[in-house]
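J.: What follows is a structure written as structure tokens; I'll ask about it next.
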Amino acid sequence: MKNFSRLTGISVVIANMVGTGVFTSLGFQLLGIQSYFVLMMLWFVGGLTALCGALSYAEFGANLPRSGGEYNFLGRLYHPCAGFISGWVSATVGFAAPVALAAMTFGAYLSAVFPEIPRTFSAVSLVVALTMIHCLSRRASSNVQLIFTALKILLILLFCVVIFIWGKAPQSISLMPNLGDEKLLFSGAFAVSLIYVNYAYTGWNAVTYVISELDSPQRNLPVVLLIGTVTVMLIYLLLNFTFLSATPISSLEGKLEIGVVVADYALGDTAGKTMGAVLALLLISTVSAMTMAGPRVLQVIGQDFRVFGWLSKVNKADIPTTAIIFQSSLAILFIISATFESVLVFSSFVLGVNTLFSVIGVFILRYKKLNIEGAYRTFAYPLAPAIYLGVTLWTLIYVLISKPQEGGMGILIIAVGGLIYLLSRKAGDAAIKKGNQ
């Protein structure tokens, strides 16, 4: 298989997005918001924001078609330093942290069914197994991705159908707004909850990391991003309606394994454990998709910067095995050394900054007249990018206010990326100068 098909691209988007966030974040949101209307609006606003971002990224990908995602876009539109920092963020946080979170959630769900299996052990084992598979060939990567993404969608639909048909004591909920809901929509609690929702939607840009390996990217990329993002938004709205209608709020508040709690309450202990095992399977495709996409960013960095040339090494099947192993090693380090919530908030902030500057770039792209004639242009420009920028900036400000430690760590990671760029440039210039002597 020479390139990834459009269907594989859509599966990468869906698999990257549907995973940790939607099955863990509702419990945190309920600590500050208990209005059904506002909770569903959270997921709608998050989906609309992701869609606006995807529409903007489709223009980048169609006009700047090279693997690397934000690393490629920011380096071309701003300065190589901006691209490097973005690549550094992707290398250290952008994929390794979500891989760790998805694997940690997999371990949590699996241990809820099989208490004798340690969470950390199952999480690390999943990362190691998928790392080995993705180091084999593109065909192996593509087949694993398609199979587990299709399985993910089917199992989610099955979960919702089973809960609605056989669930006991369904909750009577109304999605109509109540008095005071308009204040909640613009409150700090909504903004903080949106951090978790935006994390759940993270991954809508995943296919831009493998543009060079996508069939006819100028034609297929906009379709892949649009179909993938809209599909996920519909899945998220259905899932959260299912969670809220099947289980009392008091049983969900502050809980991490939302799916298991809902299944236990609605179906009983035995059926609940079965559904917990089913939900654990969903997370395999999430870890797989990020293990497939992320190392391509590291590979491009290795091609562009001599200091990191070792990351560009490929095997006989032209797979960036060194980059895959490096990213998976970082993910395992997160798994064994950090808490779930700290990794989630920290990575959400850094990724939010990354995509914020990327979407600003759509205006720079047009100002510099880098558009290719006939290539895709952002639908509803400039409204779509403006919506994304407004919502993202709002949530980033609230992260700094409410979670200053995680926000500060995010800023530190970005600053370290800039410092490493300067040092690598100096080392590269020195090597060139020595070679000319």
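J.: If Lys and Arg each add +1 and Asp and Glu each add -1, what is the summed charge of the other residues whose beta carbon sits under 12 Å from the beta carbon of Ser312? Intermediate values should be presented prior to the final figure.
T.: Working: positive: Arg296, Arg306, Lys313; negative: Asp304, Asp318.
Cβ neighbours under 12 Å give a net charge of +1.
J.: Same structure again: Under 20 Å Cα to Cα from Lys316, which aspartates and glutamates show up? Leave out anything in the same chain fewer than 8 places away.
T.: The qualifying aspartates and glutamates are Glu213.
J.: What's the longest piece of the chain with no exposed trypsin sites (Lys or Arg not before Pro), counting a site as exposed if DSSP puts it in a loop and it has at most 10 other beta carbons within 10 Å?
T.: The longest uninterrupted stretch comes out as 3-167.
J.: Sort Asp215, Asp318, Asp264 by Cβ crowding within 10 Å, fewest neighbours at the top.
T.: Asp318, Asp215, Asp264
J.: Once each part is reduced to its C-alpha centroid, what is the distance from the range 391-419 to the range 324-369 in angstrom?
T.: 11 Å
J.: Evaluate E = 1/(1 + (r/R0)^6) for Asp318 and Ile397, where r is the Cβ-Cβ distance and R0 equals 45 Å; express this FRET efficiency to the nearest 0.05.
T.: Plugging the Cβ-Cβ distance into 1/(1 + (r/R0)^6) gives 0.55.
J.: By how many nm would the segment from Asp181 to Leu281 grow when fully extended, if each residue of separation counts as 0.36 nm and the alpha-carbon distance is taken off? Don't jump to the answer; show the numbers that get you there.
T.: On the way: separation 100, 0.36 × 100 = 36.00 nm, distance 3.64 nm.
Full extension from Asp181 to Leu281 adds 32.4 nm.
J.: For the chain, with the dipole built from +1 on Lys and Arg beta-carbon atoms and -1 on Asp and Glu ones, taken about the Cα centre, which of Met132, Ile235, Ala103 lies farthest toward the positive end?
T.: Of the options given, the answer is Met132.
J.: Dipole magnitude of the chain about its Cα centre, charges +1 at Lys/Arg Cβ and -1 at Asp/Glu Cβ only, in debye to the nearest 20?
T.: 1380 debye
J.: Same structure, new question: Search the structure for amide H atoms under 5 Å from the amide H of Leu214, placed 1.01 Å from N in the peptide plane, and list their residues when 5 or more places away or on another chain.
T.: Phe4
J.: What is the angle, in °, between the Cα long axis of helix 96-113 and the longest principal axis of the Cα atoms in the chain? Nearest 10 is fine, range 0 to 90.
T.: Rounded to the nearest ten degrees, it is 30.
J.: Ok, one more. Sorted from fewest to most neighbouring beta carbons within 10 Å, what does the list Glu70, Glu257, Glu341, Glu182 look like?
T.: By the 10 Å Cβ count, ascending, the order reads Glu182, Glu341, Glu257, Glu70.
J.: Now, a different point. Rounded to the nearest Å, what's the spacing between the alpha carbon centres of the range 155-206 and the range 214-282? Just the number, please.
T.: 10 Å
J.: Output the 0 to 90 degree angle, nearest 10, between the alpha-carbon long axis of helix 138-166 and the longest principal axis computed from the alpha carbons of the chain.
T.: 20 degrees
J.: Okay, next question. Starting with the fewest neighbours, write out Met40, Met275 ranked by other beta-carbon atoms found within 10 Å of each beta-carbon.
T.: Met40, Met275
J.: Report, to the nearest 10°, how far helix 340-367 tilts away from the longest principal axis of the Cα atoms in the chain, using its own Cα long axis and a range of 0 to 90°.
T.: 50 degrees
J.: What percent do you get for the relative contact order of the chain when only Cα pairs under 8 Å and 6+ apart count?
T.: Result for the chain is 34 percent.
J.: Next question. In nm, what is the difference between 0.36 nm times the number of residues separating Arg139 and Val230 and their Cα-Cα distance?
T.: Details: separation 91, 0.36 × 91 = 32.76 nm, distance 2.67 nm.
In short, 30.1 nm is gained.
J.: Using 0.36 nm per residue of separation minus the Cα-Cα distance, give me the extension gain between Lys168 and Tyr381 in nm, one decimal.
T.: 72.0 nm
Laboratory data are not the source of any read-out in this text; all were calculated from the coordinates shown. Note that the coordinates shown come from a computational prediction; the quantities given were computed from them, not determined experimentally. Using ideal geometry, Cβ is built from the backbone for each residue, glycine included, and neighbour counts are taken over all protein chains shown.
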